[in-house]
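Scroll down for the structure; my scribbles are underneath it.
Values quoted throughout were computed directly from the atomic coordinates according to the rules given, and no laboratory measurement underlies them. Computed from a predicted structure; not experimentally measured. Here the Cβ positions follow ideal geometry from the backbone for every residue, glycine too, while neighbour counts run over all protein chains shown.
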Amino acid sequence: MLQHVLKSSLFFFSAILYISLPDKTPTLELAILKLLPIISLVIFAVLHVATHGTSRFTVGVIIGLIFSGIGDYFLVYKETHFVYGVFGFAVAQLVYGITFGCKPFKPAVLLLCVIAGSIMYKYIYPGLSSKFVPIIAAYVVLIYFMAWRALARFQLKRWTWGQMFCALGAVSFIISDFVIAVDKFRHEIPHRHLIVVVTYFIAQYGITMAITDYPSKPRTKKKMK
């Protein structure tokens, strides 16, 4: 795992750079800087494919990262493009959830996610306008679907680093988005930006590191006749 962490050093550099920016005024430059950590994770995943071969799981994570990047771009301009940002991340959550697979099912984890998601939505609901009621409801369903499948993958007796990072990423994603929702629809949260960005980057990093569980069979070179 250490070698994968070292290979993802570009992510850490770009994430720290964005977090340390004093001015968060919505500009194209800010959007690019916010996208750099996600772009670096896409590069990491593509390099993983180049060295270990393609897997369905890795392709799914790359697609999820791309839609997350789209969501990131629109959320930089959240005052006017918030809905578009939510849509981008909604697609990302759906892609991640499908990528994580449907086995093992783990109904207990599903029940826990349903309860947690219901509590989350119930808390946010009083601050929602009629426009946002179905949008946020759908997003809560999708992010908890993703979390259910990520947590269900974790095998306590036969765990891997990829499983652990994936579960951590899912939980961090929920924390990040819950803080965004509470701050926007209920009340202001101190240090909102720092909390959201740190947990979000942890989320995407954790999900991306899950691909390290999926090296394909070594490629065999064809013999020259």
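Data for the structure
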| item | result |
| --- | --- |
| Residue match in the stretch 57-71 (condition: of a type in the set (Phe, Trp, Tyr) and under 17 Å from residue 198 (Cα atoms)) | no |
| Qualifying positions in the stretch 126-156 - among the aromatic types (Phe, Trp, Tyr), within 16 Å of residue 110 (Cβ to Cβ) and either in contact with a Lys or Arg (Cβ under 6 Å, 6 or more places away or on another chain) or assigned to a helix (DSSP H, G or I) (or both) | 144, 145, 148 |
| Within the stretch 129-167, considering residues that are in contact (Cβ under 8 Å) with a residue 12 or more places away in the chain and of a type in the set (Val, Ile, Thr), the one nearest to residue 94 (Cα to Cα) | 143 |
| Members of the stretch 82-116 that are buried (at least 21 other Cβ atoms within 10 Å of the Cβ), closer than 18 Å to residue 167 by Cβ and either in contact with a Lys or Arg (Cβ under 8 Å, 6 or more places away or on another chain) or not polar (S, T, N, Q) (or both) | 92, 95, 96, 97, 99, 100, 113 |
| Members of the stretch 80-128 found to be free of Cβ contacts under 8 Å to residues at least 60 places away in the same chain and in contact with a Cys (Cβ under 9 Å, 6 or more places away or on another chain), listed by number | none |
| Where a residue in the stretch 5-25 is under 17 Å from residue 191 (Cβ atoms) and its partner, wherever it lies, is among the basic types (Lys, Arg) and surrounded by 15 or more Cβ atoms within 10 Å (Cβ to Cβ), with Cβ under 7 Å and at least six apart | 18/34 |
| The stretch 139-161, residues that are among the aliphatic types (A, V, I, L, M) and surrounded by 15 or more Cβ atoms within 10 Å (Cβ to Cβ) | 140, 141, 142, 143, 146, 147, 150, 151, 152 |
